[in-house]
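The values are calculated or read from the model by the stated rules, or taken from the named source; none is laboratory data. On a predicted model such as this, the values are computed, not experimentally measured, just so you know. Don't worry about glycine lacking a Cβ; one is built from the backbone with ideal geometry, like all the others, and counts go over all protein chains shown. SASA here: full protein model, heavy atoms, side chains in, ligands and nucleic acids out. Shrake-Rupley method; radii C 1.70, N 1.55, O 1.52, S 1.80 Å.
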Amino acid sequence: MQEQKIYRFFIKLLKYSLVGFSLFFVLVFSLLVVITKMYNEELKEMAFNQINANLNTQFIAENIEVSVTDQFPNISITFSSVFIEDPNIENDTLIFTEKLYLNFNALDLLKRNYIINSISLDQGIINIQVDENGAENYLILKETDSLNNEQLSFALEQVLLSDFNINYSNVLSKQHYSFSSQKLLFSGD
C-alpha cells in the first residue's frame, strides 16, 4: 500500500513538473517572439549595414528577416537570395546562397548586444579564383572595422555550408577543382 502511494506521488510530481516546464518554455518562447518583433527593423538594418561596411565588394540580399525558429535555440537574421560579387571581375559571382543565417544567443537580444557566433549558408555556390597576377578574389573583408557599432559584432565559432558547390581556379598554378558538399563545417576562432 505504501509503495502505491509513493508511486502515485512520483507520477503526480512528474506530471506537474512537465506541465510547469512546458508553461515556462511557452512563456520564454513567446517573450522571445515578441521582443524579436519589437527589434525586427533595427536588427535588419544594423546587420545589413554592418556587412556592407566590412566588405570591399557588393553584397545584395533579396529579403531580410529576424527569426526565433529558423536556427533555434539561436536568434537568426536570415538573408534570402544573397549575392556577393567577385571583387576582381565585375558582375561575376563570388558567393550566391539561397539562405544566409547570422546567429546569435537569445540572451543577447534582451541585452541588445548582438554577437554573431555562427553563420549558416544553405544551397549555393562559391567561386574562388586566383588570377594570372596572383590576385585572390576571396579576400573581401576590409582591413579595418569601418563601422563602429558596438551592438553588433562577429565572434564566429562556426560556419556551416549546406548543399554547396565549390569551384576553385588558380591560373598561376594551373589548378582547377570543383566539388559539391552536402555539409561542410568550419570551426575555431
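Residues that are charged (D, E, K, R), surrounded by 10 or more Cβ atoms within 10 Å (Cβ to Cβ) and more than 30 Å from Asn137 (Cβ to Cβ) do not occur anywhere in the range 44-62. Only residues that are over 22 Å from Ser187 (Cα atoms) and open to solvent by less than 30 Å² (accessible area, probe 1.4 Å) were counted across the range 110-136, and they come to 2.
If you check Leu23, Leu13 for being of a type outside the set (D, E, K, R), open to solvent by 100 Å² or more (accessible area, probe 1.4 Å) and over 22 Å from Asn113 (Cα atoms), only one passes: Leu23.
For the criterion of being small (Gly, Ala, Ser) and open to solvent by 30 Å² or more (accessible area, probe 1.4 Å), Ser30 passes. Going by what's in this entry, would Thr69 be described as buried (at least 18 other Cβ atoms within 10 Å of the Cβ), free of Cβ contacts under 8 Å to residues at least 40 places away in the same chain and polar (S, T, N, Q)? In short, no.
Screening Ile35 with (1) of a type outside the set (Gly, Ala, Ser); (2) open to solvent by 80 Å² or more (accessible area, probe 1.4 Å); (3) modelled with pLDDT under 85 gives one miss only, at (2). Comparison of Phe179, Phe186, Phe164 shows that the only residue that is modelled with pLDDT of 80 or more, within 22 Å of Asn74 (Cβ to Cβ), open to solvent by 40 Å² or more (accessible area, probe 1.4 Å) and not aliphatic (A, V, I, L, M) is Phe186. Could you check, for the range 94-109, whether at least one of its residues is touching a residue at least 60 places away in the same chain (Cβ under 8 Å), crowded, with 17+ Cβ neighbours inside 10 Å and either out of contact with any Leu (no Cβ under 9 Å at 6 or more places or on another chain) or aliphatic (A, V, I, L, M) (or both)? Yes, because at least one residue in the range 94-109 is touching a residue at least 60 places away in the same chain (Cβ under 8 Å), crowded, with 17+ Cβ neighbours inside 10 Å and either out of contact with any Leu (no Cβ under 9 Å at 6 or more places or on another chain) or aliphatic (A, V, I, L, M) (or both).
If you check Ala106, Ala47, Ala53 for being under 12 Å from the mean Cα position of the chain (by Cα) and modelled with pLDDT under 90, only one passes: Ala47.
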